[in-house]
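Please treat every number below as a calculation from the coordinates, not as lab data. Here the structure is a predicted model, which means the values were calculated and not measured. Every residue, glycine among them, receives a Cβ derived from its backbone with ideal geometry; neighbour counts consider all protein chains shown.
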Amino acid sequence: MFNLHCTKKLLDRIKPDVHVAVDGTTILGDWYATALFWKPQLALLVNERTLLPVVMPLAPATTLAQRFPDVLAQVLLTLDIGLDKVKSELEKMGQVTYCKTSNRSVLGIMNQFTFQAESYRDHFGLVEPLALSVKLAGTPCSPLYKGAICPDLAVREVMAEGIFH
């Protein structure tokens, strides 16, 4: 069980039932999501705990949350997270609660990742979602400066600890 906090533009697109966040069962915790209205349209999801970015196709938008765990698995495996840890996290992601955004810090990071992703796309031709996810994951983020300063390092640390958040 995990919470997916969606921006208004994404909620307007997928029209889910929106609820108050509940206690999740995953190690990584809550996720934030927004739509990138590029061609093709993408979704950017950012983990609240580690700031790990995951870029994936938006369409079909109504199945975004159901498709997300498989895309997350690809990103985690690419970042050398062990298969057993990935499987364990995915098993806990069977249910999703759609929520409104509430963490302004994560929203700021999402805006920064969006800006960087546009730059990678426009200047370097980087458009493949997995490649964008991994490139963005190496970005130093000020909320992480007390520990692992990049999301890729933070997710490795959190998954190694295996402690629920």
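Reported to the nearest whole Å, the Cα centre-to-centre distance from the stretch 10-63 to the stretch 111-158 is 16. Lysine pairs in the chain whose alpha-carbon atoms fall under 30 angstrom of each other, counting only those eight or more residues apart or on distinct chains, come to 26.
Quick check: net charge around residue 8, other residues with Cβ under 15 Å of its Cβ, Lys/Arg +1 and Asp/Glu -1? Local charge sum for residue 8: +4.
Run through the DSSP bridge list for the chain and note the antiparallel percent, rounded to the nearest 5.
Of the beta bridges lying entirely in the chain, close to 55 percent run antiparallel.
For the stretch 1-99, chymotrypsin sites (Phe, Trp or Tyr not before Pro) meeting the loop criterion (DSSP other than H, G, I, E, B) and having at most 13 other Cβ atoms within 10 Å: 37, 38. Counting Lys and Arg as +1 and Asp and Glu as -1 over every other residue whose Cβ lies under 15 Å from the Cβ of residue 34, the net charge comes to +1. If Lys and Arg each add +1 and Asp and Glu each add -1, what is the summed charge of the other residues whose beta carbon sits under 14 Å from the beta carbon of residue 127? Once all neighbours under 14 Å are counted, the net charge is 0. Note on residue 66 and residue 146: with the Förster distance fixed at 25 Å, the Cβ-Cβ geometry gives a FRET efficiency of about 0.15.
Of the DSSP H helices in the chain, those that are both long (alpha-carbon extent of 18 Å or more along the helix axis) and hydrophobic (Kyte-Doolittle mean at least 0.0) are 64-78.
Length gained on full extension, residue 8 to residue 105: 33.3 nm, using 0.36 nm per residue less the C-alpha separation. Ranked by how many other Cβ atoms sit within 10 Å of their own Cβ, fewest first, the residues 130, 83, 136 fall in the order 83, 130, 136. Extending 7 Å from the Cα toward the beta-carbon at both residue 38 and residue 92 defines two label points whose distance is 3.0 nm. Computed over the chain, the percent of Cα pairs more than 21 Å apart is 41.
Under the criterion of Cα pairs below 8 Å and six or more residues apart, the relative contact order for the chain equals 30 percent. Largest first, the extents of the alpha carbon coordinates of the stretch 1-94 on the three principal axes equal 35, 31, 20 Å.
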